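A short worksheet on the structure shown next.
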Amino acid sequence: MRTWMAALGGALLSACGQDPAIPPTPEPTAAAIEAGLPSPGTATEATKQANASLAARLDLAPGSDGEDARRDRIAYIEDEAILGDDGSVVWAIPQFEFLDGNAPETVNPSLWRQSQLAAHHGLFRVMDGVYQVRGYDLSVMSVIEGDTGWIIVDPLTATETAAASLKLVNDTLGERPVTGVLYTHSHADHFGGARGVISDEDVANGVPVLAPIGFSESAVSENLIAGNQMGRRSTLMFGNTLPRSTTAHVGSGLGPGLPNGTISLLLPTEEIEGRGTVRVIDGVTFEFIDAAGTEAPAEFMFYLPEKRALCTAEVATATFHNVLTPRGAKVRDALKWSRAIDYVLAEYGETSDVVFASHHWPTWGQENVVQFLASQRDIYRYVHDQTLRNANAGATMVEAAEAVEEPAFQADDFATRGYYGTLNHNAKAVYQHYFGWWGGVPAEYNRLPHEVTAERYVEAMGGAASVLEIGQNAFSSGDYRWAAEVFNHLVFAEPENQEARDWLSAAYEQLGFQAESGAWRSYYLTGAAELRRGLPNVGNPQLGNADFLRAVPSIDLFDALAARYNPSKIDRDPFAIVFDFPDTGETISLLVEKAVIVPREGTIEDPAATVTIDRLNFDRLVLGDASPLGLVTTGKMKVGGKRGAVSAMFDALDQPPFWFNTVTP
């Protein structure tokens with residue numbers, strides 16, 4: 001059965017915080033230097049002017065949000081790093097110290113400001129009985145004091161950062177047990193650290209774990225079947241392979257960055273639905289507000305009536321979010337998003353003295369809370385309505401996005417600016433939500449692959465030398481979007497053309513230096529780095545782990561296997577295999593057809609083979625921690641019937657590499 005399972009374990013979650021072996025950057029070609037190629041890491045005059053123009057247009061001085069980001073810090077981690085059990089660095093504490101001072105020419109000044117605020121780290125007091133640990137992960141962990149212990153809201157991405165954050169709380173405020181855990185939504189940076197603050201034994205002893213309705217299905221499915229592609233694109237979006245510096249990653253806009261830690265999952269003991277649903281946890285009253293289908297498929301906000309405090313989860317944070325994330329996910333509903341914010345504004349705005357979220361810092365003062373919520377509501381409504389207004393007048397996807405101009409309130413309200421999502425990208429997402437992935441032009445409906453058209457474009461433009469000249473002229477004029485498009489044709493037509501790669505990487509770099517969105521910056525700069533250095537030499541990152549995998553329903557696990565089925569690798573008539581898992585009491589049947597594998601819960605008659613194995617041991621196969629031969633030899637896996645059918649099915653599953661080309665063909 002080869003090593004057919006190991007790759008699946010590596011695709012369970014989006015990649016986070018890799019530390020790859022990055023090859024040295026080769027010297028640019030002499031021809032490119034002679035043609036005026038700027039040195040890597042250098043801002044051109046056009047980029048300097050673009051960034052200076054934005055700085056002149058916006059009041060970037062620390063305002064009320066600057067005060068809010070620093071307010072009431074009572075402790076911080078004094079160690080140099082948060083370490084894993086093996087001594088590896090999960091989170092380097094000083095990694096963003098370079099953000100002190102004024103924005104350099106290589107960073108959009110507005111993004112620089114946002115990154116400075118997000119980098120403030122430590123334990124912060126929100127109000128009596130409510131605290132946050134910020135700056136040690138992409139997300140924020142909120143801690144609410146109950147009658148007898150701590151109620152943890154969103155235990156970060158990694159068990160190591162979550163455990164270190166809880167230790168900071170206990171060391172500063174006094175040791176207390178965890179008496180409840182809340183996951184506000186189904187993204188890994190809000191549940192991955194669960195086992196750093198709570199254990200299976202705690203749950204068995206009655207500690208509640210609450211999540212929104214649909215959490216379990218969404219937490220597993222969003223990254224499972226599409227995990228390899230989603231994880232690969234995450235390395236670009238979050239700048240996981242970039243150093244932290246003024247010419248590389250400065251922050252994601254949503255938070256500082258992702259840790260190099262262990263992602264876990266404890267399934268909730270209750271999934272909450274409805275608006276106004278009340279639960280009392282360790283003496284604290286929570287009023288939950290369902291917000292499914294906004295920022296995540298499963299999400300809730302909550303209100304603390306005794307404290308007059310509103311938690312908006314990731315529905316309203318100090319940035320304009322992604323309606324469609326660059327890493328890939330199901331497109332979100334901007335109208336529903338806006339309506340959800342308007343609901344909490346109408347219901348809780350007048351009775352909230354503070355609003356806090358799962359990213360960034362709180363906003364204090366009832367009038368400020370109302371203003372914050374109104375602006376957040378308006379930015380999602382604005383991109384929705386303006387995209388539809390232009391689309392209904394005949395605009396294509398790209399035309400509609402180009403037509404959505406910055407609204408006046410974005411100039412003054414930094415929490416609505418595009419530090420993570422952008423007007424352009426989100427307008428295209430709104431268009432996709434209603435009209436699909438294409439713009440309506442017939443020629444775009446069944447376009448040829450870019451690998452095919454690239455050579456034809458290069459030929460039509462007069463050959464490689466002519467394409468280089470056209471791109472260089474665009475670059476020299478500061479038209480980096482057009483320059484990137486031109487150079488990209490040549491790179492896809494001639495992937496080994498180093499001069500073309502040098503110029504395309506230079507165009508990407510300037511686009512990154514100008515980007516206000518941290519996600520856009522990292523995507524461009526990672527693309528530039530991969531053009532210059534090639535792919536990181538680290539093989540497939542092992543992102544899955546036993547703690548996460550055992551929470552995955554068996555039928556979902558087999559759906560993920562089925563998505564790797566390559567029919568050309570099998571030469572048998574259709575057959576069936578039944579998998580019995582005695583430890584979970586589950587039975588899954590696989591119908592292996594000529595073109596598809598169909599998983600089905602329950603058994604079927606006359607299978608070609610029956611496999612009996614504990615789900616725990618099957619998970620070990622998935623993670624590559626056990627071999628089929630070893631399990632059969634020790635009696636932990638029994639195969640009845642035709643063993644060749646089982647081997648044939650698994651041998652027909654592709655094992656896609658993680659570090660596949662994205663910025664080159």
remark   = Taking region 598-631 and keeping only residues that are closer than 20 Å to THR584 by Cβ and assigned to a helix (DSSP H, G or I), one is left with ARG615, LEU616, ASN617, PHE618, ASP619, ARG620, LEU621, VAL622, LEU623, PRO628, LEU631
note = GLY635 vs (1) free of Cβ contacts under 8 Å to residues at least 24 places away in the same chain; (2) assigned to a loop (DSSP other than H, G, I, E, B); (3) closer than 28 Å to ALA226 by Cβ: all pass except (3)
query = Restricting the search to region 597-640, which residues are of a type in the set (Val, Ile, Thr) and within 12 Å of ALA576 (Cβ to Cβ)?
reply = ILE597, VAL598, THR603, ILE604, THR610, VAL611
ask   = Considering region 6-38 alone, what residues qualify as being at pLDDT 90 or above, among the hydrophobic types (A, V, I, L, M, F, W, C) and assigned to a loop (DSSP other than H, G, I, E, B)?
value = ALA35, LEU37
message = Please return the ranges of helices (runs of 4 or more DSSP H) entirely within region 477-565 where 1 or more residues are more than 21 Å from the chain's Cα centre (by Cα), surrounded by fewer than 21 Cβ atoms within 10 Å (Cβ to Cβ) and without any contact (Cβ under 8 Å) to a residue 24 or more places away in the chain.
response = 480-493
key: Residue list for region 333-376, restricted to those being in contact with an Asp or Glu (Cβ under 6 Å, 6 or more places away or on another chain) and farther than 26 Å from MET141 by Cβ   = none
note = Among GLY101, GLY41, the single one that is small (Gly, Ala, Ser), on the phi > 0 side of the Ramachandran plot, loosely packed, with under 13 Cβ neighbours inside 10 Å and outside any helix (DSSP H, G or I) is GLY101
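Across region 63-83, what is the number of residues that are farther than 13 Å from PHE124 by Cα, assigned to a loop (DSSP other than H, G, I, E, B) and in contact (Cβ under 8 Å) with a residue 40 or more places away in the chain?
Taking region 63-83 first, the residues farther than 13 Å from PHE124 by Cα are 63-66, 78-83.
Applying the additional criterion that residues be assigned to a loop (DSSP other than H, G, I, E, B) yields 63, 78-80.
Those left that are additionally in contact (Cβ under 8 Å) with a residue 40 or more places away in the chain: 63.
The number of residues fulfilling the criteria is 1.
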task = Run ARG73 past the list (1) touching a Phe, Trp or Tyr at 6+ places or on another chain (Cβ under 6 Å); (2) within 27 Å of LEU535 (Cα to Cα); (3) at pLDDT 95 or above and report the number of the one that doesn't hold.
result = (2)
note = Considering region 262-277, residues that are in a strand (DSSP E or B) and among the acidic types (Asp, Glu), and then whichever is surrounded by the most Cβ atoms within 10 Å (Cβ to Cβ), we arrive at GLU271
Scan of region 139-153 for residues that are over 20 Å from ARG279 (Cα atoms) and either hydroxyl-bearing (Ser, Thr, Tyr) or at pLDDT below 95 (or both), ordered by number = SER139
key: Subset of region 196-213 (residues that are surrounded by fewer than 22 Cβ atoms within 10 Å (Cβ to Cβ) and either outside the structural domain of LEU265 (by TED's automatic domain parsing) or out of contact with any strand residue (DSSP E or B) (no Cβ under 7 Å at 6 or more places or on another chain) (or both))   = SER199, ASP200, GLU201, ALA204, ASN205, GLY206
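Name every residue in region 638-660 that is part of a helix (DSSP H, G or I) and within 31 Å of the chain's Cα centre (by Cα), in order of residue number.
Taking region 638-660 first, the residues part of a helix (DSSP H, G or I) are 643-651.
If the condition is that a residue be part of a helix (DSSP H, G or I) and within 31 Å of the chain's Cα centre (by Cα), then PHE650 is the only one that fits.
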query = Looking at region 341-382, which of the residues that are within 23 Å of ASN223 (Cβ to Cβ) and among the small types (Gly, Ala, Ser) is surrounded by the most Cβ atoms within 10 Å (Cβ to Cβ)?
reply = SER358
Qualifying residues in region 420-466 (those that are more than 33 Å from the chain's Cα centre (by Cα) and not in a helix (DSSP H, G or I)) - the one farthest from MET237 (Cα to Cα) = GLY462
query = For region 169-191, how many residues meet the condition of being of a type in the set (Val, Ile, Thr) and assigned to a strand (DSSP E or B)?
reply = 3
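Among the residues of region 42-54, is any among the aliphatic types (A, V, I, L, M), in contact with a Pro (Cβ under 7 Å, 6 or more places away or on another chain) and farther than 30 Å from GLY261 by Cβ?
So in region 42-54, the residues among the aliphatic types (A, V, I, L, M) come out as 43, 46, 50, 52, 54.
Then keep just the ones that are in contact with a Pro (Cβ under 7 Å, 6 or more places away or on another chain); that gives 54.
Remaining after also requiring farther than 30 Å from GLY261 by Cβ: 54.
Scanning region 42-54, I find at least one residue that is among the aliphatic types (A, V, I, L, M), in contact with a Pro (Cβ under 7 Å, 6 or more places away or on another chain) and farther than 30 Å from GLY261 by Cβ, so the answer is yes.
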remark   = Over region 104-136, the set of residues at positive phi and crowded, with 21+ Cβ neighbours inside 10 Å is GLY135
key: Unmet criterion (only one of (1) in contact with an Asp or Glu (Cβ under 8 Å, 6 or more places away or on another chain); (2) part of a helix (DSSP H, G or I)) for VAL663   = (2)
ask   = Looking only at region 125-161, which residues are under 18 Å from the mean Cα position of the chain (by Cα) and either more than 19 Å from ALA316 (Cα to Cα) or not assigned by TED's automatic domain parsing to the domain that holds SER186 (or both)?
value = TYR136, THR157, ALA158, THR159, THR161
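Would you confirm whether any residue within region 126-138 is of a type in the set (Gly, Ala, Ser), under 19 Å from ASP282 (Cβ atoms) and either at pLDDT 95 or above or not in a strand (DSSP E or B) (or both)? I'd like the intermediate steps shown before the answer.
Taking region 126-138 first, the residues of a type in the set (Gly, Ala, Ser) are 129, 135.
When the remaining residues are screened for being under 19 Å from ASP282 (Cβ atoms), the result is 129.
Subset that is either at pLDDT 95 or above or not in a strand (DSSP E or B) (or both): 129.
Yes, region 126-138 has at least one match.
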query = Taking region 227-245, which residues are in contact (Cβ under 8 Å) with a residue 40 or more places away in the chain, surrounded by fewer than 19 Cβ atoms within 10 Å (Cβ to Cβ) and assigned to a loop (DSSP other than H, G, I, E, B)?
reply = SER245
Count of region 534-575 residues which are at pLDDT 80 or above, under 30 Å from PRO495 (Cα atoms) and among the small types (Gly, Ala, Ser) = 3
inquiry  = Contact list please: Cβ distance under 8 Å, first residue in region 448-476 and surrounded by fewer than 13 Cβ atoms within 10 Å (Cβ to Cβ), second residue hydrophobic (A, V, I, L, M, F, W, C) and at pLDDT 95 or above, pairs at least six apart or on different chains.
reply    = GLU451/PHE492
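The values are calculated or read from the model by the stated rules, or taken from the named source; none is laboratory data. These numbers come from a predicted model, not from an experiment. Quick reminder, even Gly has a Cβ in these numbers, built from the backbone with ideal geometry, and neighbours come from all protein chains shown.
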